[in-house]
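The values are calculated or read from the model by the stated rules, or taken from the named source; none is laboratory data. As the structure is a prediction and not an experimental result, all values here were calculated from the model. Backbone-built Cβ (ideal geometry, glycine too); neighbour counts: all protein chains shown. Ligands, DNA and RNA are excluded from the accessible area calculation, which covers all protein heavy atoms including side chains. Shrake-Rupley method; radii C 1.70, N 1.55, O 1.52, S 1.80 Å.
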Number of protein chains: 2
Amino acid sequence: MIEPVVLKGFRDSLPAQEIPKRRLMTKLESIFSMYGFAPIDTPALEYTSVLLGKGGGETDKQIFHFTDNGGREVALRFDLTVPFARFTAAHSAQLPHPFKRYHISKVWRGENPQKGRYREFHQCDFDIVGVDNAYADAEILSMMSYCFETIFQGDKGAYVFHISHRGLFNSFLDHIGAREASVEVLRTVDKLRKIGRDEVKAQLTSILGSGEKADMTLSFIEKPEGESFLDTLGRLEALCGGSNSAADRLREVYTLLEAEGISSSFSFDPSITRGLDYYTGIVYETFLTGAPSIGSVCSGGRYDNLAGLYTKEDLPGVGSSIGLDRLLAALEDLGSPLLGGKASADVLIASEDKATWYAKDAALAAALRREGVRTDVYELPVKKMKAVYEYATRASIRLVLTRGHDGTLKLKDTASQETWTLAEEEAAIEIRKRV
Amino acid sequence: MIEPVVLKGFRDSLPAQEIPKRRLMTKLESIFSMYGFAPIDTPALEYTSVLLGKGGGETDKQIFHFTDNGGREVALRFDLTVPFARFTAAHSAQLPHPFKRYHISKVWRGENPQKGRYREFHQCDFDIVGVDNAYADAEILSMMSYCFETIFQGDKGAYVFHISHRGLFNSFLDHIGAREASVEVLRTVDKLRKIGRDEVKAQLTSILGSGEKADMTLSFIEKPEGESFLDTLGRLEALCGGSNSAADRLREVYTLLEAEGISSSFSFDPSITRGLDYYTGIVYETFLTGAPSIGSVCSGGRYDNLAGLYTKEDLPGVGSSIGLDRLLAALEDLGSPLLGGKASADVLIASEDKATWYAKDAALAAALRREGVRTDVYELPVKKMKAVYEYATRASIRLVLTRGHDGTLKLKDTASQETWTLAEEEAAIEIRKRV
């Protein structure tokens, strides 16, 4: 007998996990489609050299690579961005410009599984490439806003988007003559929550050679409670020595968000630095009010040139990535009914005499499905209701409709324990009401 | 500069391919959900030994296997059945029994790419395990029927299901005392279209040692034109020497299909043998009337024991697999509008002065999306309409709505070349009518 085991860092997805996941993915896909974004797909396996061409940067990605039977160095894709860069370079002549695409699919990384991370997980990316303006920046933010508004069913207090602009901090460092120290300064600032303000100020004073410059840096990243978006922007502009293109772009984007009536979901957070250093413009993260410690569930920003390693064509872009697994885990912890639960069906139809009542059972199931009620027809003639209820419990099906030997229909709500006798003609509608 | 190439046998999926594919997959998923089937997922990468445990049989699957960094022999899954067997064995205690699941996902095979085959493709499987009766057999067929009826928008003449039962032919061979020659006989019979009747008869006479037995075998697999399902069944039962469990099961399943009103889509085809020899009961294939040469687009059957290599628990099952790529290619060849086309949006909104009219454009896009109209907002202020039309052409968007500097809206149907001037308040509804 072979042990039915999976590799370390990999896992099966049972219905209880997969049903909410698919529901969320379907919801997101329909929003992306509504915004005119096109789906694409790329191979799971690529030439290692092509994937690595993008370069490492600060992200420590462990690639799942192999030598195939033909002696080629191949690897499973570790994100959807590098394949997108290659894709865009390869098919530029056929794609609309600008190009708006979404891609929801698996990626693989050789993460250390002991850290509780998985080696296989879904990413959900959406980008607009081939244009560099505030309209494209705002479009991504608008779509993100609509996604989260939909996920949280209109409860705008459940989430907040933090935005900033990579260029703004660079402008500030230019102004205080510390641009060449930007990597060190950013790294130090990132440790604020871990090592505390005093230690950060001490380290900044050392790096910048001045306590005053350290103070200016701290006042750049620390926002006073309740300061409005535009007030923060004005204050930081002053710290930068006056107007600059980064501030102008942020102001323009905010104006567009206001015009669309969604600006209240956006908070200016000058402390955002974003791990991936290929962002060159607006950057953003998304936090859930009810689960602040899990970090960002949707992050992204604007980048200069997507596919510079593969094509001479300049392709600036802006995009975002939803951390599906993290978001699903948070929604689960929040006990949120938003994803519709884990049930594989809304009603289970169990007949004591399937042979006699087959036609009626089939007609009833068809009527229920026409009403949009997910209907599971129990495949065995009922001998003991205990087995039927066990089945319903494991499948998380709340409503159980039983047909007796004489054909009568009884509906039971296994949550409330209520039961009703239903007439054939009204059964589908009565059940739909209770779903 | 790195060449943006993919591995041999792998390919990108551009919007023109991915949009119809996603639409089909979403449609199928919703039907499976309506029947109470639960989605699952399994890892793309597994232990080679676990995957191969199922055994080869007559199918020549070339596995994509590697040695990973930890020295483990790992492989990409080559189908969804073996992972399902392992999955069911691993999680049996949590799953409902019987268990109905669907799984739409990628698999990988080391096929020879010169033959025009790909090494990476989607499979779409649905099975019911843990029960062996006619109701489960009929449920799978009912769902298949509903899938194809939906795909072909009610045109029941567009497809036909051929069914048979592996046990029936075995019964016949028992009756003529030739059971031990079953593999040879089946292989010979399979060559009928290639080598012709006379040659097949000659080979059968040689294998069976009798011209009469060869004739009986041919009359078993050759069905007279217009013979009804039940008449064929009766005739074959007689050839088997009388009633047997395979014939009984087929008759029972057919009766259920009749009761449900879908039996006219099913044809009894005694010549079906099915490549995978682990089927032990009912077997079926699906043919498109408009594309007979492409072979079956949905095949499957009943099998004795899904997970015998992984668990002592007996798990008989019945299931089916839709060949998504083959079906999509056929629908494309049939020029079918069924999948809704390749457009990434229904309407493109292009403004000559985005800054002034941003709020109105945003409100209009939101109104359109509420009406279910996929709306792409062109990210650049319009300089030349030529660029806008080029964009619409590449994205296959038929309707283009332009807003002039003065705010007036003009709608153009790029297919008919008609244009209309629209008032702001009616624009969303007028556009929806024309989608």
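Overview of values
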item: Between helix B:81-91 and chain B: long-axis angle, C-alpha atoms, 0 to 90°, nearest 10; result: 90 degrees
item: Peptide A:360-366, shielding by other chains (average Cβ, 10 Å cutoff); result: 4
item: Beta bridges by DSSP in chain A, antiparallel share as percent, to the nearest 5; result: 80 percent
item: Copies compared at A:Lys156 - label distances in nm, ascending, label defined 7 Å from Cα in the Cβ direction; result: 5.2
item: Sum of side-chain charges, B:Leu14 neighbourhood, beta-carbon under 11 Å (Lys, Arg +1; Asp, Glu -1); result: +2
item: Residue-averaged beta-carbon neighbours from other chains (10 angstrom radius) around B:372-379; result: 6
item: Calculated P(r) tail over 36 Å for the protein assembly as shown, as whole % of Cα pairs; result: 55 percent
item: Given charges at Cβ of Lys, Arg, Asp, Glu: region A:347-434 dipole, positive-most of A:His405, A:Leu348, A:Ala395; result: A:Ala395
item: Under the Karplus curve 6.51 cos²θ - 1.76 cosθ + 1.60, θ = phi - 60°, whole-Hz ³J(HN,Hα) for region A:62-70, x wherever Gly or Pro sits; result: 9, 7, 8, 10, 8, 10, 7, 4, x
item: DSSP beta bridges in region B:347-434 [antiparallel fraction, %, rounded to 5]; result: 55 percent
item: Using a 7 Å Cα-to-Cβ projection, A:Asp304 label spacings across copies, nm, ascending; result: 6.7
item: Taking the C-alpha atoms of region B:347-434, convex hull volume expressed per residue in Å³; result: 85 Å³
item: When region A:296-379 is reduced to its Cα atoms, the Kirkwood hydrodynamic radius in Å; result: 17.8 Å
item: Backbone HN-Hα couplings from phi across region B:164-175 [Karplus 6.51/-1.76/1.60, Hz, Gly and Pro as x]; result: 8, 9, 4, x, 5, 5, 4, 4, 4, 5, 4, 4
item: Cα-centre dipole for the protein assembly as shown with unit charges at Cβ (Lys and Arg positive, Asp and Glu negative), debye to 20; result: 680 debye
item: Within a Gaussian network of chain B (alpha carbon springs, distance under 10 Å), most fluctuating of B:Leu380, B:Leu141, B:Leu186; result: B:Leu380
item: By accessible area with a 1.4 Å probe, ligands and nucleic acids excluded, highest first: order of A:Val183, B:Val50; result: A:Val183, B:Val50
item: Amide proton proximity set for B:Ser13, modelled H, under 5 Å, gap of 5+; result: A:Asp41, A:Thr42
item: Of the GluC sites (Glu not before Pro) in region A:197-248, those whose Cβ has at most 12 other Cβ within 10 Å and which sit in DSSP loop; result: A:Glu222, A:Glu225
item: Largest to smallest principal axis extent of the C-alpha atoms in region A:99-254, angstrom; result: 48, 43, 33
item: Given charges at beta-carbon only (K, R positive; D, E negative), |dipole| of region A:347-434 in Debye; result: 320 debye
item: Calculated FRET efficiency for the pair B:Asp231/B:Ser206, C-beta based, R₀ 45 Å, to 0.05; result: 0.90
item: Chain B: angle of helix B:229-239 to the longest principal axis, Cα-based, in degrees nearest 10; result: 20 degrees
item: Region B:15-339 - convex hull of alpha carbons, volume per residue in Å³; result: 159 Å³
item: Listed residue (A:Phe172, B:Leu328, B:Thr67) projecting farthest to the positive dipole end of the protein assembly as shown, Cβ model; result: B:Thr67
item: Accessible heavy-atom area order of B:Lys412, B:Lys191, highest first, probe of 1.4 Å; result: B:Lys191, B:Lys412
item: A from B by rotation - nearest chain B beta carbon to the axis, in Å; result: B:Phe66, 2
item: Largest to smallest accessible area among B:His65, A:His165 [probe 1.4 Å]; result: B:His65, A:His165
item: Candidates A:Leu399, A:Leu239, A:Leu328: whichever shows maximal mean-square fluctuation once chain A is modelled as a Gaussian network with Cα springs under 10 Å; result: A:Leu399
item: Degrees separating the helix A:15-34 axis from the principal Cα axis of chain A, which is the longest one; result: 60 degrees
item: Inter-copy label distances at A:Asp68 (7 Å, Cα→Cβ; nm, one decimal); result: 1.9
item: Length-normalised contact order for chain A - Cα pairs under 8 Å, 6+ apart - percent; result: 16 percent
item: Average beta-carbon neighbours from other chains, 10 Å sphere, peptide B:386-395; result: 2
item: Fluctuation leader among A:Ile322, A:Ile207, A:Ile163 - chain A, Gaussian network, Cα springs under 10 angstrom; result: A:Ile207
item: Distance from region A:194-228 to region B:95-138 (C-alpha centre basis), Å; result: 58 Å
item: Residue-by-residue Karplus 3J(HN,Hα) for region B:35-52, coefficients 6.51, -1.76, 1.60, Hz, glycine and proline x; result: 8, x, 7, 9, x, 9, 9, 9, x, 5, 10, 9, 5, 4, 5, 5, 5, 6
item: Net charge of Cβ neighbours under 10 Å - reference A:Phe148; Lys, Arg +1; Asp, Glu -1; result: -1
item: Accessible surface of B:Val388 - all protein chains present, 1.4 Å probe, nearest 10 Å²; result: 0 Å²
item: Size of charge dipole - chain A - debye, nearest 20, with Cβ of Lys, Arg +1 and Asp, Glu -1, no other charges; result: 1220 debye
item: Too-long pairs where the Cα-Cα distance tops 19 Å, listed order kept, from B:Lys191/B:Lys223; A:Lys354/A:Lys410; A:Lys383/A:Lys410; A:Lys354/A:Lys384; A:Lys342/B:Lys106; result: A:Lys342/B:Lys106
item: Accessible area of A:Ser265 in the full protein assembly, 1.4 Å probe (Å², nearest 10); result: 10 Å²
